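Okay, so here's the structure we're looking at.
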Amino acid sequence: MGVVADAWTWLATGSNWSGESGAWHRLGEHVYVSGVALLVACAIALPVALWLGHLGKGGALAVNISNVGRAIPVFAVLALFMLTPLRTAGYLPTIVALVLFAVPPLLTNAYVGMREVDRSVVEAARGMGMSGGQVFLRVELPLAYPLLMTGLRSAAVQVVATATIASMVGQGGLGRIITAGFNTYNTPQVVAGALLAAGLALLVEGALAVGARVMDPRRRRRPTRAALV
Amino acid sequence: MSTYAVSQTVHQAAQNCLVANDWICGEYLRTRSEELTEATLQHIWITAASVLIGLVVAFPLAVLVRARPRFAGPVLGLTTLLYTIPSLAMFSLLLPVFGLSAALVVTGLVLYSLTILVRNIMAGLEAVPEDAREAARGMGYGPWRMLWEVELPLALPALMAGVRIATVSTIALTTVGALVGKGGLGNLIDDGVQTTFKAQVLTASALCVLLAVTADLLLLGAQRLLTPWTRIRAVSKPAASKATASVATAPKAVV
């Protein structure tokens, strides 16, 4: 496996990391567009999904939007954007495309999470005299939390992957190391870029998985219960 | 105006949409129909090969996990790990092994389809009622005959739900194969972006979505034909169809 060794040499060479097309700059671009897109997607999808879930309406929309998102190629959307005036707007075409593909998993999971909260628990909370807002904040939201975080994780992984494809239409990000390698028939560079992109995706997935477990609202109460047993 | 003059003006107007680089252009469809057909056929065979090979690999894995539950963690962990890797990176990592070939694209797509297929086949096998197994055992069915004649048919709705999701997302992902020149309609999108050819990008993109919708409907039809009993059950027990629907939405969204 000489290629792996060559890819490692590429990664270990300092000059490949510096400059406008260096790995640090590409990584920065990747994290920037992914972060902005994920925040915008959360700001759009979560209020809509949680509100619809609380009311128990719009289920068909929440589920179907996921299926529609699956059928549309990321590459096609990016390509179409690059042929519109958006092309000259810097990172905007990538960010808009990333938001479009991050919204479906967020929306679907948050909605399903809210709807799968045991109705008898919600009824009991109402019976205790909780208002709609209290039921939402103290009952539904904590119980929907696991699926909410699943949605966030899917969306984040989706966004990181989509940001890679943006390089195929000439936008920035880690994918550019790969496409530049293809253009110069430099296989070690292609593999090195792929390792960086895959590493970032796995890191994001892992960090969110750990973060979700640490921040689980029901986790804090569990140790005391375990101590009683 | 004579017929000749009319046809001449129509022809010029049609030519103009190529010159003006319009998004929608009938002349493009007419003059490049051969190229479009070729790209569509490549798209279809790459998708079909990927999903079929995916099924051939996923089925034994799901059966293995059911027989030896201690393999469940590693198998599910590995397929989820593969699913996390961005498609562009996956294809690039396979480059040293396969070179610039369709085998590279098919292998990458097979690895992605495994996540959805293994999960859905496992869910389907788990959902087989114990009564049905018990009855088959009582009738003297061996483990293999039971698998093929009792469990597989009963697991079909969940399996087909998985095949539909895998097929639709594979059709979308095939476009990324343009990276190595084997992306079906993705090749036309790639070419169109580089030459800012609007009609080509829009037509190829629309065909991709059309292909995904058609494949989904055909598979749904096939599922209905293969499992006529589910429709009867769906009428008397709506919960049954609801269960398959939730299986379909269960795996993580897309790549």
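Look at segment A:23-45: where a residue is of a type in the set (V, I, T) and a partner is open to solvent by 40 Å² or more (accessible area, probe 1.4 Å) and outside any helix (DSSP H, G or I), sitting 6+ places away or on another chain with Cβ atoms under 9 Å, you get A:V33/A:Y91; A:V36/A:Y91. In summary, A:N67 fulfils each of the numbered conditions (1) more than 10 Å from every other protein chain (Cβ to nearest Cβ); (2) open to solvent by 50 Å² or more (accessible area, probe 1.4 Å); (3) within 24 Å of B:T203 (Cα to Cα) with the single exception of condition (1).
You will find that of A:L152, A:L143, A:L137, A:L196, the residue that is under 19 Å from the mean Cα position of the chain (by Cα) and either more than 20 Å from A:V74 (Cα to Cα) or within 9 Å of chain B (Cβ to nearest Cβ) (or both) is A:L196 and no other. Quick check: is even one residue across segment B:116-135 within 14 Å of chain A (Cβ to nearest Cβ) and open to solvent by less than 50 Å² (accessible area, probe 1.4 Å)? Within segment B:116-135, one or more residues are within 14 Å of chain A (Cβ to nearest Cβ) and open to solvent by less than 50 Å² (accessible area, probe 1.4 Å).
Among the criteria (1) in contact with a helix residue (DSSP H, G or I) (Cβ under 6 Å, 6 or more places away or on another chain); (2) farther than 19 Å from B:L55 by Cβ; (3) more than 10 Å from chain A (Cβ to nearest Cβ); (4) assigned to a helix (DSSP H, G or I), the one B:K182 does not fulfil is (4).
Cβ separations smaller than 8 Å between residues 6+ apart or across chains give the following pairs from segment A:81-96 residues that are among the β-branched types (V, I, T) to residues that are not in a helix (DSSP H, G or I): A:T94/A:Q171; A:T94/A:G172; A:T94/A:G173. No other residue among A:V99, A:V117, A:V157 is away from chain B (no Cβ under 13 Å) and within 14 Å of the chain's Cα centre (by Cα) apart from A:V99.
The values are calculated or read from the model by the stated rules, or taken from the named source; none is laboratory data. A quick note: this is a predicted structure, and the numbers were derived from the prediction, not measured. Here Cβ is always computed from backbone atoms with ideal geometry, including for glycine, and neighbour counts include all displayed protein chains. Accessible surface areas use protein heavy atoms only, side chains included; no ligands, DNA or RNA. Shrake-Rupley method; radii C 1.70, N 1.55, O 1.52, S 1.80 Å.
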